[in-house]
Amino acid sequence: KEIITWKVPYKVLKTNFSRYFLAGILYSAVLTLGLILCILPGIVISFIGPAYVNKITCSDMPINKALTSSFQAVFKSSNLWSYIGMQILAGIIYIVPTVCTCGLGGIIAFPMLSIYSQHLAYNKGIIN
């Protein structure tokens with residue numbers, strides 16, 4: 001059994017910082033553009049977030065290829081509605097502690113929800 005200390009994630013983050021930063025800029029720009037054009041495209045783009053983060057962190061594919069691959073992984077999945085339901089439920093779970101703590105709970109709830117939704121989606125085969 002491997003024990004991972006705090007030094008390991010920080011080392012990975014430090015060595016791949018520019019990749020993660022540029023991926024975040026690309027996703028934010030696409031999401032913002034989708035929300036500006038009409039709210040519905042922004043909502044659709046928001047559903048690929050966990051798949052995109054997983055592809056950025058777990059593969060070496062180029063950032064723009066990871067974005068298009070995330071769309072395919074989510075929207076060509078046979079379990080699309082299960083994934084969308086999971087994401088809506090995750091959003092509701094996020095809203096409760098955020099509202100109850102005047103936004104402070106969101107600081108902890110959002111990263112945890114992102115990690116757990118990715119884990120569930122990939123390990124249960126909802127998306128691939």
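Here are some notes:
- F110-R19 pseudo-label distance in nm [points 7 Å out on the Cα-to-Cβ vector]: 2.4
- DSSP H segments from the chain that extend 24 Å or more along their own axis, Cα-based, with Kyte-Doolittle mean of -1.0 or above: 17-37, 80-100, 104-123
- Each principal axis of the Cα cloud of the chain was evaluated for its coordinate range; sorted largest first, these ranges are 40, 38, 30 Å.
- Rg [Å, one decimal], Dmax [Å, integer] - the range 20-89, C-alpha atoms: 11.9, 32
- Surface composition of the chain: carbon plus sulfur atoms contribute 73% of the solvent-accessible area (1.4 Å probe, protein chains only, all chains present).
- Probe 1.4 Å, protein heavy atoms only - accessible area per residue of the chain in square angstrom: 70
- P(r), alpha carbons of the range 58-128 - 5 Å bins starting at zero, rounded %: 3, 16, 20, 20, 18, 13, 8, 2
- Listed by chain and number, the lysines placed with their C-alpha closer than 30 angstrom to that of K7 are K55, K65, K124; residues fewer than eight positions away on the same chain are left out.
The values are calculated or read from the model by the stated rules, or taken from the named source; none is laboratory data. Note that this is a predicted model, so its numbers are computed, not measured. Counting neighbours? That spans all protein chains shown, and the Cβs are built from the backbone with ideal geometry, glycine included. We work out accessible area using only protein heavy atoms, side chains counted, and drop any ligands, DNA or RNA first. Shrake-Rupley method; radii C 1.70, N 1.55, O 1.52, S 1.80 Å.
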